[in-house]
Every structure is written in C-alpha cells, then in structure tokens.
Amino acid sequence: MEVPPGLLIDQTGPQKVVCKLNKSLYGLKQASRQWYAKLTEALSSIGYKHSANDYSLFSKKTSSHIIFVAVYVDDVIITGTDSVEIANLKSFLDKQFRIKDLGKLHYFLGLEVLYKSDGIIISQRKFTLDLLKEYDCFAYSSLSSPLDPAVKLKADEGTLLPDPTYYRKLVGKLNFLTNTRLDIAYSVQLLNQFMQAPRDTHLTTTFHFLRYLKTDPTLGIFFSNNTDCSISACCDSDWASCPDSRKSVTGYIVLVGDSPISWKSKKQETISLSSAEAEYRSLRKLVGELVWLNRLFEEFTIPQSSPITVFCDSQSAIHIAHNPVFHERTKRIEVDCHFVRNKLQERLISLQHGATTDQFQLTFLPKHSQESNTMLYSASWL
C-alpha cells in the first residue's frame, strides 16, 4: 500500500515503516473470503447450516418450514415455504449488513426471470443485446447456425491475432451466455480450444457466432412448475472430433420433469481409442453429475424414485457397464467402469438404449409467451 497523502514519515532511518491492514478492502484477494466468513457466521447464529453439496447454499429446516439461501459474493437469493421466516431473515440481514431488498426475483447476475402461470422463463436478453452492441453486430444480417458447417477449425491455421485478449474477452462472455443457452454449448466449448493462441480464422468464426445470436437474442429456457420432479438424462460423444489432438467431445443433458437443469459439452481429457470408450467416458461424466444432483435433491427434500433413467445410444457402453469382466476394450477405462457399474448396482441409475436416430435433441418450438417475445426451449425426444 502507498502511504496516504499528508502522513509524514521519515523513511530514511534504519527502520522502514509499513501500513497495518486492519480489515479487508474491495479489490484484495482476501476480501471475498473475509466477507463470506462474516456472512456465514451471521447465518449460523440464527440456525442456518451450510449445504454439504454446494458451498454457496445455506438452509434452515424445521418441522413446519424450510428456507434456502443462495449466495454469490454479496448477492443473495432467498426462497422457502414460510413467508414470515423469510421476512425475519431479511430484517436480520438488514440489521447486520444494511441490505437492499429488491423484492420478487426478476434480475440476478445478468439472468432475467419472467413469471408465467405454468412456470418461469430465464433468459439473458439484456446481456446478449449489450454483447451484440459492443461488437457492432446490429449492422450485419443474422445467421441460422452458430458455426459454419463448411469450416473445420484448427489450432495452427490462420494468422495470429496481434491482440489475443480481444478474442479471449469475447469468448469469456460467450461462456457466461451458456447458462441459459443450450444451443450454443458445443460451439462455445469449441471456441474455447483456441484461447492460448487465437488466430484470425477463429475470430471470424466467433463473429459468425455473434450473427447467430442476433437471430433471437431473447431466447431463454423454460422451467415448468408441474409436480413431476423425476430426473432423467442422456449422453453422447463425438468420437475423435478434434483435428489437432483427436480427442473426443462429451455431451450430456439432465432433465427434471421436462425442464433441463444441467448440460455440458466438453472435450475429454484423454484420447479414446474406440467410439465405445468415448461413449463410456461421456457416460461416466453424466453419472458423476447425477450423483451430485441426487444428493442435492435429498437436501431439498424432493423425493426421487430410483433408479434414474439414463439414455445412451451406444450398446457397447451399456454392455460394458453391465459386464463385470474386463477385456481388451475396457482395460484403459477401468476406473470409469468401476464407478458407473457401482452406481448401476446401487440402483442409482438404469441404462436404457436409444437409437442414434431417436437420440435426444433440442428443438426450438415457436411457443412465445404472452408477456414478451421470449422464445422457449422445449426439450423432447424426436
């Protein structure tokens, strides 16, 4: 720290004088830790407990009600079954930290919430519009696909960008947009592969992607309020799709009822020597996510009917999960085999085969809400 102006200290003597930091300030790496510790202490004093499955979640359960508190730094969401207890919690937090009560949730960390009679719509409309404005995309026509199918991106093709931070900043913002846009998950993970040394071809593809977002920046995701809270999931892989490393891409989606709650598209850490191996690694990633979600739902006191149905279009991967004998095809993925088989034997999951032609796809049906032009995601088996 620099010595504050007006503080006269002789720094020429044998002993140097330093500033003693009495409390954490914004901008310091320790500030968020100190704030979180203070908030945790305050919530614990009135009976709230840490979630064992998510460190940013607190809960208070009694015989008559249950309250949940989700925390992101100094932004807090409160929900529960008792409005009186929620009001008491707000009053307590206001006395401790002087909070600002924003009422019913409509906007949180760039996520916009629209309420309907049959559920809610969460979108990032403002974030998308600001992004398109920042990169001057309104003057260009929109496109119907996030990536050009005729272009196969490679790490060493094209001219290196003079300022790689421009590309990294843009792709970083696109990462945040995947919170509500399932349709761009694969495209964004592909653009993330070139962050270390981005080239002009990668930047051109990124602007092609922005023109796709311009087609409908209000696109959001719909969460139904029906009583069906059963979990189902499906996974797939794109074997050896990376032209540089020949690594495969894992993809999965998890539904609660008919509402998607978790999805991922990510390049696998190791090279799979067969499509069955790639499919099995994808299955293992999905099962790991389901284990965590199952524990979280138990904490939410939402009963689950086991086993969770998991769809996979690879008969080989399903047979490997059921077959206790390791052979030539499975000796490289022994740990994954043990993990998935154990969860299968514990009846946490049940594996079902779905033909490739019947594989899970996301369809964007023109079901517009009456309150706005937000288009809804509709997930269905085709």
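The values are calculated or read from the model by the stated rules, or taken from the named source; none is laboratory data. This is a predicted model, so every value here is computed, not measured. Backbone-built Cβ (ideal geometry, glycine too); neighbour counts: all protein chains shown. Only protein heavy atoms, including side chains, enter the accessible area calculation; ligands, DNA and RNA are left aside. Shrake-Rupley method; radii C 1.70, N 1.55, O 1.52, S 1.80 Å.
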| request: At 0.36 nm per residue, minus the direct Cα-Cα distance, what do Asp94 and Ser144 gain on full extension? Give it in nm, one decimal, please. | output: 13.2 nm
| said: Checking the a/c ratio against 1.5 first, then a/b against b/c, what shape does the Cα gyration tensor give for the stretch 134-186? | reply: rounded
| said: Less than 16 Å apart at the alpha-carbon level, and either on another chain or at least 8 residues along: which lysines does that give for Lys266? | reply: Lys247, Lys285
| said: Given the DSSP H assignment, sum -39500 (n - 2.57) over each helix run of at least 4 residues in the chain and divide by its residue total; what's the result at 222 nm in deg cm²/dmol, nearest 500? | reply: -10000 deg cm²/dmol
| said: I need to check one value: relative contact order of the stretch 65-157, counting alpha carbon pairs closer than 8 Å and at least 6 residues apart, in percent. | reply: 12
| request: Using R₀ = 30 Å, calculate the FRET efficiency as 1/(1 + (r/R₀)^6) where r is the Cβ-Cβ separation of Ser306 and Asp118; round to 0.05. | output: 0.60
| field | Residues of the stretch 166-190 with amide N under 19 Å of the 7 Å Cα→Cβ point at Gln196 | value | 166-169, 171-172, 189-190
| query | For the pair Lys126 and Val18, what calculated FRET efficiency results from E = 1/(1 + (r/R0)^6), where r is the Cβ-Cβ distance and R0 = 45 Å, to the nearest 0.05? | reply | 0.50
| Separation of the Asp101 and Arg341 label points, Cα + 7 Å toward Cβ, nm | 5.7
| task | Please list the helices of the chain that count as membrane-span-like by this rule: a mean Kyte-Doolittle hydropathy of at least 0.0 together with Cα atoms stretching 24 Å or more along the helix axis, each helix being a complete DSSP H run. | result | none
| message | Using a Cα-Cα cut-off of under 17 Å, which lysines could be cross-linked to Lys104, ignoring same-chain neighbours fewer than 8 residues away? | response | Lys90, Lys116
| For the chain, the longest stretch holding no GluC sites (Glu not before Pro) located in a DSSP loop with at most 14 other Cβ atoms within 10 Å is which? | 3-156
| remark: With the charge dipole of the chain built from beta-carbon charges (+1 for Lys and Arg, -1 for Asp and Glu) about the Cα centre, the Cα from Thr165, Gly47, Gln34 projecting farthest to the positive end belongs to Gln34
| request: State whether the stretch 94-197 is rounded, prolate or oblate according to the following rule on the C-alpha gyration tensor (a ≥ b ≥ c being the square roots of its eigenvalues): a/c under 1.5 gives rounded; otherwise a/b larger than b/c gives prolate, and the remaining case gives oblate. | output: prolate
| task | Mind putting a number on the dipole of the chain about its Cα centre? Charges go on the C-beta only, +1 for Lys and Arg and -1 for Asp and Glu, and I need it in Debye to the nearest 20. | result | 820
| message | Keeping every protein chain present and rolling a 1.4 Å probe, give me the accessible area per residue for the chain in Å². | response | 57
| task | Select from the stretch 84-134 those trypsin sites (Lys or Arg not before Pro) which occupy a DSSP coil region and have at most 11 other Cβ atoms within 10 Å, ordered by residue number. | result | Arg98, Lys100, Lys104
| field | Lys/Arg +1, Asp/Glu -1 at C-beta; the chain dipole; positive extreme among Val188, Ile86, Thr227 | value | Ile86
| query | For the stretch 196-235, rounded, prolate or oblate, judged on the Cα gyration tensor with a ≥ b ≥ c (square roots of eigenvalues), a/c < 1.5 rounded, else prolate if a/b > b/c? | reply | oblate
| Label point distance in nm, Leu273-Thr81, each placed 7 Å from Cα along Cα→Cβ | 5.4
| field | Relative contact order [Cα under 8 Å, 6+ residues apart], the chain, whole percent | value | 11
| note | Excluding ligands, DNA and RNA, the carbon-plus-sulfur percentage of the accessible area of the chain with a 1.4 Å probe reads 54
| query | Using DSSP loop states and a limit of at most 11 other Cβ atoms within 10 Å to flag chymotrypsin sites (Phe, Trp or Tyr not before Pro), what is the longest stretch of the chain containing no flagged site? | reply | 139-382
